[in-house]
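Worksheet: the structure to be examined is printed underneath.
What follows draws every value from the coordinates through simple rules; no lab data is involved. Being a predicted model, the structure only gives us computed values, none of them experimental. Because the Cβ atoms are built from the backbone with ideal geometry, glycine has one as well, and the counts that use them run over all protein chains shown.
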Amino acid sequence: MKKTSIYLGLLLALALVLSACVSSSEDTTTTAGEQAAATTAPAPTTTAPAPTTTAAESATTTAGTTEPPAAVKIGSIHPLTGGLAGAGSRMNNAAAMAVDEINAAGGIASLGGAPLELVSADSTGAPDVGQSEAERLIGEGVSALIGTYQSSVTTNVATVAEREGVPLVIDVAVADSILEQGFTNVFRLQPNATSMGNNGAEYLSQLGDGDIKTVSYLHDDTAFGESVSAAFTEAAKEYGIEVIVDIPYPPFEVTDLTTEMSRAAAAEPDVIVITGYYNDGLLAARAAVDLDVDVKAVIGIAQGAFHTPQFVEDFGEDAELFWNSNYHFNSSDARVVSVLTKFEDTFGEAMDTESVLAYQAVYVIADALERAASSDPAAVRAALAETNIPEHFLAYPGPITFNAEGENTNAQPTLMQVQGGLVLQVAPSDIGQTEPIYPGTSWGSN
């Protein structure tokens with residue numbers, strides 16, 4: 001009996017020891033699990049890509065509140081320094097004004113009211129700089145580009161835009177060759193060189209009941225001037241007009257055009273035609289006045305000075321009766337007059353057509369963004385290809401639409417003349433503001 005009691009006591013003690021061991025083991029397991037749960041997991045090795053902004057997505061904070069939509073970037077490339085800085089700065093200011101207006105009106109509605117952000121770049125007037133700036137802007141995530149005022153710079157920028165799949169809306173650049181390369185991401189608002197040349201020749205044929213038969217042609221020797229002069233010379237033949245002397249010059253190096261103007265006048269043409277930029281246009285006009293050239297008229301074809309309010313301001317009374325066949329805003333449209341007034345009130349200088357084209361380019365991109373409901377460049381490009389904007393600011397006979405090559409199908413130049421200190425539209429007749437004065441110059445009695 002005593003042995004049995006001892007045996008039972010040993011069994012009871014063994015049971016108590018085993019129970020304690022089991023309890024200890026369970027406590028240890030629970031503590032380790034809680035520690036594992038409290039440890040922060042390491043970040044994944046692959047970074048998730050940034051989300052593409054679309055109408056179907058909205059960013060929210062962890063508290064569930066809606067964040068403001070991300071800004072949509074538009075790159076603006078123009079010459080902000082150097083010899084073309086005046087025109088380039090006005091164009092950049094006009095683009096900024098358009099962005100401010102769109103944002104004040106609520107931004108891009110289909111993207112939740114996303115604001116636009118203009119990211120500006122200075123081409124300095126150099127093709128290689130324009131190219132590197134385009135690459136920089138694309139690297140910064142722009143959805144589209146506008147620019148660039150010069151054909152040579154635009155050619156390089158267009159190549160980058162095409163390679164990177166980011167759409168470019170050309171505000172000002174005329175050379176046909178830009179869009180003859182099969183690009184699918186490049187769209188042009190202004191008339192191309194062929195249109196400038198063809199329409200210019202037609203306008204000349206209509207002056208004086210067709211009495212213009214001979215032309216001396218001064219033009220800059222860049223891709224811009226060469227392409228327009230070639231188009232005009234070929235088209236003029238169809239109207240019985242002959243270019244009897246062709247005189248190219250370097251627009252960014254020349255400081256006086258007296259010698260070139262003397263050669264032009266010595267050929268005894270009916271009229272002298274000039275193609276170029278603003279500064280060289282001013283030099284050519286000054287030479288014509290100083291030499292008292294004996295011609296029926298001095299006419300710009302895609303000339304960068306003779307249609308601008310700056311020309312009238314800089315040249316004074318001598319600007320009278322100069323002509324220009326060039327792109328132009330629609331002066332007879334009250335909405336355009338309102339835009340011109342706002343620009344001058346804001347920036348303290350008159351708004352020229354180049355600036356209106358930059359302003360219009362931003363609105364074209366905003367329209368594409370609205371229809372695409374996406375800031376992805378490919379989606380914006382697809383929407384641009386389907387553009388149809390009947391209400392615009394330019395003196396074109398129809399809506400802004402683009403053909404398969406990216407040309408604005410209704411773009412055409414307007415014939416203008418300085419009369420009474422104002423640049424007035426003469427043709428086409430449906431937007432004409434005055435009757436032409438021909439023949440006539442500000443310095444002669446003809």
Checklist entry - So, in Å, what gap is there between the alpha-carbon centers of region 163-225 and region 229-278? => result 16
Item to check | Relative packing of 296-305, 278-287, which averages over residues the other C-beta atoms within 10 Å, highest first | outcome: 296-305, 278-287
Checklist entry - So what's the gap between the Cα centers of region 92-135 and region 370-446, to the nearest angstrom? => result 22
Item to check | Whole-Hz couplings from phi, Karplus 6.51/-1.76/1.60, listed for region 372-378; x for Gly and Pro | outcome: 6, 6, 7, 9, 5, x, 5
Checklist entry - What's log10 of I(q)/I(0) for region 348-434 at q = 0.19, 0.22 Å⁻¹, Debye sum over Cα points only, no solvent? => result -0.93, -1.10
Checklist entry - In whole Hz, what ³J(HN,Hα) sequence does region 145-160 give by Karplus (6.51, -1.76, 1.60; θ = phi - 60°), x for Gly and Pro? => result 10, 10, x, 10, 5, 10, 5, 5, 5, 4, 4, 5, 5, 4, 4, 5
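What is the gain in length, in nm to one decimal, between D333 and A382 on full extension, counting 0.36 nm per residue of separation less the C-alpha to C-alpha distance?
14.6 nm
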Next on the checklist: Show me, for region 391-397, the HN-Hα J-couplings you get by feeding each phi into the Karplus relation (A = 6.51, B = -1.76, C = 1.60, θ = phi - 60°), rounded to Hz, glycine and proline as x.
Outcome noted: 9, 9, 10, 10, 8, 10, x
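Hey, can you rank 149-158, 406-415 by average C-beta count inside 10 Å, highest first?
Peptide ranking by packing, descending: 149-158, 406-415.
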Checklist outcome for this item: Interchain or sequence-distant (5+) residues whose placed amide H lies within less than 5 Å of the amide H of V186 are L168
Next on the checklist: Quick one: the Cα spread of region 375-426 along its three principal axes, in angstroms, biggest first?
Outcome noted: 49, 21, 17
Next on the checklist: Using the crude model of +1 on Lys and Arg Cβ and -1 on Asp and Glu Cβ, and no other charge, please compute the dipole size for region 164-218 relative to its Cα centre, in debye to 20.
Outcome noted: 40
Checklist outcome for this item: Expressed in nanometres to one decimal, the distance between label points 7 Å along Cα→Cβ at E370 and Y239 is 3.8
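N192: net charge of surrounding residues, Cβ under 12 Å, Lys/Arg +1, Asp/Glu -1, itself excluded?
Net local charge, N192 excluded: -3.
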Item to check | Leading residue at positive end of dipole, region 123-201 (Cβ point charges), from V169, S132, S143 | outcome: V169
Item to check | Long-range amide H partners of Y327 with built H, under 5 Å | outcome: T414
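Taking the Cβ of S89 as the centre, find all other residues whose Cβ is under 13 Å away and add up their charges (Lys, Arg: +1; Asp, Glu: -1).
Net charge around S89: -3.
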Item to check | Protection proxy ranking, peptides 87-99, 243-255, average beta carbon neighbours within 10 Å, highest first | outcome: 87-99, 243-255
Checklist outcome for this item: Amide H neighbours of G75 at under 5 Å, excluding residues fewer than 5 places away on the same chain, with H built from the backbone geometry, are V119, S143, A144, L145, I146
Item to check | region 299-446: relative contact order as a whole-number percent, Cα under 8 Å and 6+ apart | outcome: 28
Next on the checklist: Given all pairs of different Cα atoms, what value in angstroms does the Kirkwood hydrodynamic radius of region 81-232 take?
Outcome noted: 17.2
Item to check | Net lengthening on full extension, D314/T81 (0.36 nm per residue, minus Cα-Cα) | outcome: 81.9 nm
